[in-house]
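**Student:** My questions all concern the structure below.
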Amino acid sequence: MAEIQFIHVSKVYGGDTPAVRDLNLEVNEGEFVVLVGPSGCGKTTALRMVAGLEEITEGEIRIGDRVINDLPPRERDIAMVFQNYALYPHKSVYENLAFGLRMRKVPKAEQKRRVEEIARVLGLGEMLNRRPAQLSGGQRQRVAMGRAIVREPKAFLMDEPLSNLDAKLRVQMRAEIARIQQALKVTTVYVTHDQVEAMTMGDRVAVMRDGKLQQVDTPQRLYDAPANLFVASFVGSPPMNLFEAGVRRDNGRLLCRVGDSQFELPADLAAARPALGEYAGRRIAVGIRPEDVREASGWDGARLRGRILLVESLGSEQLVHIEVAAAPLERSDLVDIAAQPPGPSLGVGELEQAVTLLGRFDRHLLLSLGEAVEVAIDPRLLHFFDLETGVAVPSAVDAPVAAGVAG
Amino acid sequence: MSAVTQIAPTPVAPVVTRPTRRRRVRKAAWNLLGVIVFLVMVFPVYWMIATAFKPGHDILSYTPQWIPTHPTLSNFHDATHMPFFWDAAKNSLIVVSIVVALSLVLAFLAALALAKFRFYGRRPFIVLILGVQMVPLAALIIPLYIMMSRLNDVKGVNHVLGVDKLGGVIAMYLTFVLPFAVWTLRGFLLGVPKELEESAMVDGTTRFGAFVRILLPLVGPGLVATSIFAFIQAWNEFIIAYVFLHTPQKQTLMVWLASFTTLRGTDWGPLMAGATLCSLPVIVFFLLVQRRIAFGLTAGAVKG
């Protein structure tokens, strides 16, 4: 077991666009760190550089206290689980599991003991003589995991190991992998594009975009205090609602204007985020999580008026699309585009500038299409971001590690 | 004596769900065509074997003898006691085994380079390999002969390569076998996902170790197909051997077979017996290795 350190690591393919840019990241001993981001963000490249399957253009990677830049993969003492499992098709399950041990000249008796132990733990005991072709997807996944575990390496590297499984099995294996990792306490770097997987599995989650690290933090802090617009829009499902608002100062009070409604930002909020005052007279990006969008009955604070476009019932709750008057974000390059809800549907949007707010509402609330509703907005639950750089307006208590999305 | 290697799968009649009269007729017509093609292909082989067992007067009779009624082994006796038969057999075996072995090793390494590495000039090289196969053999014989005959004067090389040297013929065969072999093996290697090698390398092998332990077993079918091709090419080749090998002791079996046709006519019985004998090794080799052509060996490696 050892920690893994990325120190100013960059990777450039064929001289042009960098795949990974100046990555600095420390994975502590026994920690489970998830690299997450949309496809092409450099997360897999970063992982493959640790494995030794990709050369490091700049910077250095350390495992333990060794710089491993120039070591061949076999000398790095790491184990990797591939997206497509990469089981050796001409070898039996037993031989697949024992292959790494055999290459490391572990005595035969010891090999047998360890392989059988792992097979028992993973429920593969009956299948040791089968070929990979005779296994189901879940079983193949287990063999791939077993092949990594049995080696007792310094670190596990996992490249989207669950993406080939069907949804049910994925949830089950997700928990299983997390449990195994907790039991073994092996340093693990896990790559995925699925933010739910990242949030549920990781001790810490590193969000990447265009080769740049956006934010590293615990899942909860990532959710509560996203460092920039991209992280805010990427983390969370359904994603955070984002729109533009105007800020102005009036008699020492900070007022926020969304569409045609206006509300005050309370003094404690302004105190907690002193930088907010600098936005007086300017536009700002405002975000609110769907669960913080509430129905306004009984709320005496700020309200936004809107109209219900769509109600999606999830059983335990309902997901409501509400059209409100507000300016949508113009800089779509700052956010995770895939996570953005569609704009106002054709023919419905009679408002000049409208944004679809997603809200998670209680399932007992009776809502119907086209109905006018009022949405309660608690200013304390809002997230504020700079419109130009996408960086979150820092809070005075603990400024999050911020990184601009652009550039 | 051409061994027919089936490359395309046998056409399978579509699954009949509700056999109508028209479908049945059509199916019967296809079957009939198949039988006719089969007979046309098989007849020369049958005639060769049948003639080999016929006594001389049966062979040359004006009413064809479809079945040898008085089978005899004397033709085989005559053929094997012809001068230089054993020399020719030995030469053929030497040529074939060296061509098969060398072409497998060279083609595997070349295909590996083409399939797994990116290097400057890779694409032109691939095009070259394809292009070389388009040049007709007849157009090459004279330039190659001139080149080879010059090699006879080069010290150090001239006891292996040159005109009237087995080494010369082997080199010629390799030039024809290698492009096809490299091309075929490249296809097989491309079919093996790169994660398998990477996984092996992470598991503790060297790059070369991953090739030998993971890739080599997986391209087994490709190696078998290639070796069959090389074997048949080298064993059956006539023109190059005929042009390049002059001394009777150095000739291969195919050239030796031609010696049955003399100015005084053709000695059909022993010729057919010799031809039958010459076909045997190809058939035996094919039967030995064909079991190993198992496609779909990579199934289960990755999510399928």
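The values are calculated or read from the model by the stated rules, or taken from the named source; none is laboratory data. Note that the structure is a prediction, hence the values are computed from the model and not measured. Here the Cβ positions follow ideal geometry from the backbone for every residue, glycine too, while neighbour counts run over all protein chains shown. Quick note on the areas: whole protein, heavy atoms, side chains included, nothing else; ligands and nucleic acids left out. Shrake-Rupley method; radii C 1.70, N 1.55, O 1.52, S 1.80 Å.
**Student:** Can you list the HN-Hα couplings for segment A:128-133, worked out from phi with the Karplus curve (6.51, -1.76, 1.60; θ = phi - 60°), rounded to whole Hz and with x for Gly and Pro?
**Tutor:** 4, 9, 7, 8, x, 5
**Student:** Taking the Cα centre of segment A:35-103 as the origin and placing charges on Cβ (Lys, Arg +1; Asp, Glu -1), which of A:V81, A:I63, A:V93 is farthest toward the positive end of the dipole?
**Tutor:** Comparing the listed Cα positions along the dipole, A:V93 ranks first.
**Student:** For A:R282 and A:E371, what does the FRET efficiency come to when R0 = 30 Å and r is the distance between their Cβ atoms, rounded to the nearest 0.05?
**Tutor:** Efficiency at R0 = 30 Å is approximately 0.30.
**Student:** For chain A, what is the charge dipole size about the Cα centre, in debye to the nearest 20, if Lys and Arg each add +1 at the Cβ and Asp and Glu each add -1 at the Cβ?
**Tutor:** 1900
**Student:** If you don't mind, another one. Tell me which of A:L367, B:S103, A:T187 sits at the most positive position along the dipole axis of the protein assembly as shown, charges placed on C-beta atoms (Lys, Arg +1; Asp, Glu -1).
**Tutor:** The Cα lying farthest towards the positive end belongs to B:S103.
**Student:** Helix A:93-103 versus the longest principal axis of chain A: what is the Cα-based angle in degrees, 0 to 90, to the nearest 10?
**Tutor:** 80
**Student:** Chains A and B: buried accessible surface, both sides, probe 1.4 Å, rounded to 100 Å²?
**Tutor:** 2200
**Student:** I would also like to ask the following. Considering only B:I283, B:L189, B:F231, whose Cα is most displaced toward the positive end of the charge dipole of the protein assembly as shown, charges sitting on Cβ of Lys, Arg (+1) and Asp, Glu (-1)?
**Tutor:** Toward the positive end, the furthest listed residue is B:I283.
**Student:** Next question. Helix-derived [θ] at 222 nm for chain B: sum -39500 (n - 2.57) over DSSP H runs of at least 4, divide by residue count, nearest 500?
**Tutor:** Details: 13 runs with 192 residues, N = 304.
Calculated from helices alone, the mean residue ellipticity at 222 nm is -20500 deg cm²/dmol.
**Student:** When the dipole is taken about the Cα centre of the protein assembly as shown, and only Lys, Arg (+1) and Asp, Glu (-1) are charged at their Cβ, what size is it in debye, to the nearest 20?
**Tutor:** Numbers: 74 positive and 66 negative charges, 709 e Å.
In total the dipole reaches around 3400 debye.
**Student:** Separate question: Distances over 28 Å make up what percent of all Cα-Cα pairs in chain A?
**Tutor:** Summing the P(r) of chain A above 28 Å gives 55 percent of all pairs.
**Student:** Turning to a different aspect of this structure: Keeping every protein chain present and rolling a 1.4 Å probe, give me the accessible area per residue for segment A:17-67 in Å².
**Tutor:** Here the residues of segment A:17-67 average 39 Å² of exposed surface.
**Student:** How many nm is it between the label spots at A:T200 and A:R253, if each spot is 7 Å from the Cα in line with the beta carbon?
**Tutor:** Result for the modelled spin labels: 4.5 nm.
**Student:** As a check on your grasp of the helix formula, calculate [θ] at 222 nm for chain A: sum -39500 (n - 2.57) over DSSP H runs of n ≥ 4, divide by the residue count, round to the nearest 500.
**Tutor:** -6500 deg cm²/dmol
**Student:** If you don't mind, another one. For chain A, take the longest principal axis of its alpha carbons; what is the angle in degrees between that and the long axis of helix A:167-184, to the nearest 10 within 0 to 90?
**Tutor:** Taking Cα atoms only, the helix is inclined about 70 degrees.
**Student:** Next question, about the same structure. Where in chain B are the DSSP H helices whose C-alpha atoms run 18 Å or more along the long axis and whose mean Kyte hydropathy is at least -1.0?
**Tutor:** Both cut-offs are met by B:21-52, B:85-116, B:137-151, B:166-190, B:220-236, B:268-290.
**Student:** Pull up all non-local amide H partners of A:A155: gap of 5 or more, or a different chain, and H-to-H distance under 5 Å with H placed in the peptide plane.
**Tutor:** Placed amide hydrogens put A:A79 under 5 Å from A:A155.
**Student:** If you don't mind, there's one more thing I want to ask. For labels at B:H70 and A:S136 in the simple 7 Å Cα→Cβ model, what's the distance in nm?
**Tutor:** Label-label distance for B:H70 and A:S136, simple model: 7.4 nm.
**Student:** For segment A:318-335, what does the Karplus curve 6.51 cos²θ - 1.76 cosθ + 1.60, with θ = phi - 60°, yield as ³J(HN,Hα) per residue in whole Hz, taken in order and with x for Gly and Pro?
**Tutor:** Per-residue couplings from phi come out as 10, 9, 10, 9, 10, 8, 10, 7, 6, 8, x, 5, 7, 7, 6, 6, 8, 10 Hz.
**Student:** Follow-up. Given points 7 Å out from each Cα along the Cα-Cβ axis, report the A:T57 to A:N28 separation in nanometres with one decimal.
**Tutor:** The modelled label-to-label distance comes out at 3.2 nm.
**Student:** Shifting gears a bit: Starting from the Cα-Cα distance between A:D65 and A:A175, subtract it from 0.36 nm times their residue separation and give me the gain in nm to one decimal.
**Tutor:** Values: separation 110, 0.36 × 110 = 39.60 nm, distance 3.11 nm.
In short, 36.5 nm is gained.
**Student:** Can you list residues whose amide H is under 5 Å from A:I377's amide H, if they're 5+ apart or on another chain and H is modeled 1.01 Å from N?
**Tutor:** Long-range HN contacts for A:I377: A:A302, A:R303, A:L304.
**Student:** Once you charge only the Cβ atoms, +1 for Lys and Arg and -1 for Asp and Glu, what is the size of the charge dipole of segment A:1-103 about its Cα centre, to the nearest 20 debye?
**Tutor:** 420
**Student:** Under the rule of at least 5 residues apart or a separate chain, name every residue whose amide H is placed under 5 Å from the amide H of A:M208.
**Tutor:** Distant-sequence amide H within range of A:M208: A:V36, A:G37, A:Q214.
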